[in-house]
1. Could you give the C-alpha radius of gyration of region 1-43 expressed as a fraction of 2.2 N^0.38 Å, taking N as the number of residues it contains?
2. Taking Rh as the Kirkwood radius computed over C-alpha pairs, what is the Stokes-Einstein D of region 84-151 at 10 °C in a medium of viscosity 1.306 mPa s, expressed in µm² per second?
3. Normalising by the residue count of region 97-170, find the relative contact order in percent from Cα pairs under 8 Å and 6+ residues apart.
4. Report the relative contact order of region 49-121, percent, no decimals, based on alpha-carbon pairs under 8 angstrom and at least 6 residues apart.
5. Using only the Cα atoms of the chain, each taken as one equal point scatterer with no solvent, compute I(q) by the Debye sum, divide by I(0), and report log10 of the ratio at q = 0.11 Å⁻¹.
6. As an exercise, take the mean of 1/r over every pair of distinct alpha carbons in region 1-80, invert it, and state the Kirkwood radius in angstroms.
7. Would you work out the relative contact order for the chain, in percent, from Cα pairs under 8 angstrom that are 6 or more residues apart?
8. Mind giving me the nanometre distance, one decimal, between the label points for Asn29 and Glu83, set 7 Å out from Cα along Cα→Cβ?
Amino acid sequence: MRHIISALVMNQPGVLAHISGMLASRAFNIDSLAVGATENERFSRITFVVNGDEKVVDQVRKQLEKLVTVVKVQSYIQEDFVERDLMLIKVSTNQGRRTEVRELVDIFRGRIVDVGPDHVMIEISGRENKIEAFIDRMRDFGILEMVRTGRIAMLRDATITQGLPPGVIPEVSEASAS
C-alpha cells in the first residue's frame, strides 16, 4: 500500500541528499518526492510516498525522526488530508484534433499553457487517479513529453508545526505579518 509522509526540515544544503540516502540505505523505495519552501524561510517541507504496510511507514518515520535536520515527521495514515499532484504534458494536435484535446482539458479542469503549431502543453493538478485518467485519455493523441511534480499533502485540521516545542517555530507578530 502507498503511504504519504511529510517532513519539516531545516532549510540547509544537503538535507535532501541526507534523507534520501538514509532511506535508500535501508531499502525504502521512494515512489514520489516533492520538496519546497514553507511559510517560514528557516524550514522546507519534504513530502514523499513510500510503499509498504503501517509497520514500514512507522519504521521510516522513526528513522527520519533520528536525523538532526528533521524538525517533525507527519504520516497520513488514517488522517483526513488533501493531496495534489501537478503535471505538465505536451500532446500532439496533428490531424486537426486540437478541439478534442481542448474539450478533454476542460472536462478534467486543466489549462492549456502553451500552443505550438502541432502540439499543446497542458497543466493539470489533482489527485493521482485524476492525473492517471487524464494521461490515459491523452495517449490516443500522442504524448510528446510529460513531467510531474510528485505528490504534496496537508492535513485538513492541523499543521505540521502543531505540538512543536516553543521557540522552534517563532510566532508571527502582527508587525512582521504585514
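Every number in this text was worked out from the coordinates using simple rules, so none of it is lab data. Since we're looking at a predicted model, the values are computed, not measured. Cβ coordinates were reconstructed from backbone atoms using ideal geometry, including for glycine residues, and neighbour counts include every protein chain displayed.
1. Numbers: Rg = 11.6 Å, N = 43, 2.2 N^0.38 = 9.2 Å.
So region 1-43 has a normalised radius of gyration of 1.26.
2. On the way: Rh = 11.7 Å.
Estimated via Stokes-Einstein, D reaches 136 µm²/s.
3. Details: 35 pairs, mean separation 14.1, N = 74.
That works out to 19 percent.
4. Working: 39 pairs, mean separation 17.4, N = 73.
Result for region 49-121 is 24 percent.
5. Here the Debye-derived log intensity ratios amount to -0.60.
6. Values: mean 1/r = 0.0791 Å⁻¹.
About 12.6 Å, per the Kirkwood formula over Cα pairs.
7. On the way: 285 pairs, mean separation 44.9, N = 178.
RCO, the chain: 25 percent.
8. For Asn29 paired with Glu83, the spin-label model returns 1.7 nm.
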